[in-house]
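Each remark here refers to the structure printed beneath this line.
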Amino acid sequence: MGRHELSDAEWEFIRPLLPRSEPGRRRLDDRTVLNGIVWKFRTGTAWRDVPERFGSWATLHTRFRRWAKDGTFERMLREAQARADAAGEVNWLVSVDSTIVRAHQHAAGARKGGRRSPGLERSRGGLTSKIHLACDALGRPLAFTVTGGNTNDCTQFTDVMVAIRVPRIGPGRPRVRPAHVLGDKGYSSKAIRTWLRRRGIAHTIPERADQVRNRLRRGSLGGRPPTFDKELYKRRNIVERCFNRLKQWRGIATRYDKTAESYQAAVTLASLLMWA
């Protein structure tokens, strides 16, 4: 096993999740292809610079784009989550947050007019994207979305929560409801708290200073302050550690992909290996 490649344990974890090969002409085996794809995103190199021991860079890119478009990476992540949940290994204390990702100049220039936004926005710091993510209490990603870097965190909260969908192994509906949600002050809004209460989801989100002042200014009409558990809130840092692990992949810490589809597939692959 070379540096930045899949370990034997990671390969044994991911091998049963791969789609079966179509009958026909013999193709480059999946482990070699996955090693090349993982090596490319862990190092942040260009496709054309992937070492020849992984085969043709064009083959790697074609297989990656095919799996990104047909949802293979997402299905593999869902199956890994389902197996962990069936074994009782998922802690449903969910933390949510976002992180900014600087985009390389090569990430610009995607074809316009497509159905999906490229997930890039320009600010004083240049082109950026943002990953909005929810993870379990062990720091493993449950769901995420990719937007432009200027997107406000609270606008993506419900999208991230709705994206949590862990299938059951066997009969039964997917698990979609966390036991408890932890979020920072960026998610302190009446709309978010109402959305969580209607679904019976307990949550610990601190109030912003301006919300506290407005509530106190109104006196008895301001209502009661939301319940806040300081000790439980200390565990929210697990989502920061989740981002830290994701950004150890240089191709995720800096975005080089022109399309949100490709970048999201890379984040999904890195998330999948965090369940290994």
message: Of Thr268, Thr155, Ala86, which is farthest towards the positive pole of the chain's charge dipole, taken about the Cα centre with +1 and -1 on the beta-carbons of Lys, Arg and Asp, Glu respectively?
response: Thr155
query: At a Förster radius of 45 Å, what calculated FRET efficiency corresponds to the Cβ-Cβ distance of Ala58 and Arg165, to the nearest 0.05?
result: 0.85
Lysines whose Cα lies under 18 Å from that of Lys185, excluding same-chain neighbours fewer than 8 positions away: Lys130, Lys230, Lys234
message: Which aspartates and glutamates, if any, have their Cα less than 13 Å from the Cα of Lys69, not counting same-chain residues under 8 positions apart?
response: Glu261
field: Protein accessible area in the chain, 1.4 Å probe - carbon and sulfur %
entry: 47 percent
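Determine the per residue accessible area of the chain with all protein chains present and a 1.4 angstrom probe, expressed in square angstrom. Numbers along the way, then the final one.
Numbers: 15140 Å² over 276 residues.
Solvent-accessible surface per residue comes out at 55 Å².
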message: Can you say what percent of the DSSP beta bridges in the chain, counting only those with both residues inside, are antiparallel? Round to 5.
response: 70 percent
- prompt: What share of the DSSP beta bridges in region 95-193 is antiparallel, in percent to the nearest 5?
  reply: 95 percent
- request: Please work out the C-alpha center-to-center distance from region 25-63 to region 78-150 and express it in whole Å.
  value: 23 Å
field: For the chain, the spread of Cα positions along each principal axis, largest first, Å
entry: 74, 48, 34
- request: Considering Cα pairs under 8 angstrom that are at least six residues apart, work out the relative contact order of the chain and quote it in whole percent.
  value: 24 percent
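The values are calculated or read from the model by the stated rules, or taken from the named source; none is laboratory data. This structure is a prediction, so every number in the text was calculated from the model and none was measured. Cβ: placed from backbone, ideal geometry, glycine included. Neighbour counts: every protein chain shown. Only protein heavy atoms, including side chains, enter the accessible area calculation; ligands, DNA and RNA are left aside. Shrake-Rupley method; radii C 1.70, N 1.55, O 1.52, S 1.80 Å.
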